[in-house]
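Visitor: If you scroll down you'll find the structure; I have some questions about it.
What follows is calculated from the coordinates using simple rules that are stated; it is not laboratory data. This is a predicted model, so every value here is computed, not measured. So basically every Cβ, Gly included, is an ideal-geometry build from the backbone, and we count neighbours across all protein chains shown.
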Amino acid sequence: MTNFVKNNQGRTPFSLYQETSVNQQFSEGQAVSFYSELLCLTLQGTLLKKYTNSCLIDISDCSELAITSREKYNSRLVINYKRIFNNA
């Protein structure tokens, strides 16, 4: 029987985050204003997690969005850093 376990000896672990000049401008817990292509709206939220080219934003306190829309997306959206306008 063949063993299908990957051997990662000598390799760096896989990561979804790599520091860049763009994502260095933001920090987790920061309030941000952004444009959501998915909802076609400008919204505000809190940055939860940074990725290399995008970030996870909490929209649970967003008053511009109906409760049903927030529940549909589990109160979170992944947004590209290019869609963030400024610090809220």
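Visitor: For the residue pair S60 and F14, what label-to-label distance in nm results when each label sits 7 Å from Cα along the Cα-to-beta-carbon direction?
Guide: Inter-label distance under the simple model: 2.9 nm.
Visitor: A further question follows. Name the long-range amide H neighbours of L41: under 5 Å, sequence gap of 5 or more, or other chain; modelled H, no Pro or chain starts.
Guide: Counting only residues 5 or more places away or on other chains, the set is S36.
Visitor: Further question: Order the peptides 68-75, 43-50, 27-34, 16-23 from the highest to the lowest mean number of other Cβ atoms within 10 Å of their residues.
Guide: Ranking the peptides 68-75, 43-50, 27-34, 16-23 by packing returns 43-50, 27-34, 68-75, 16-23.
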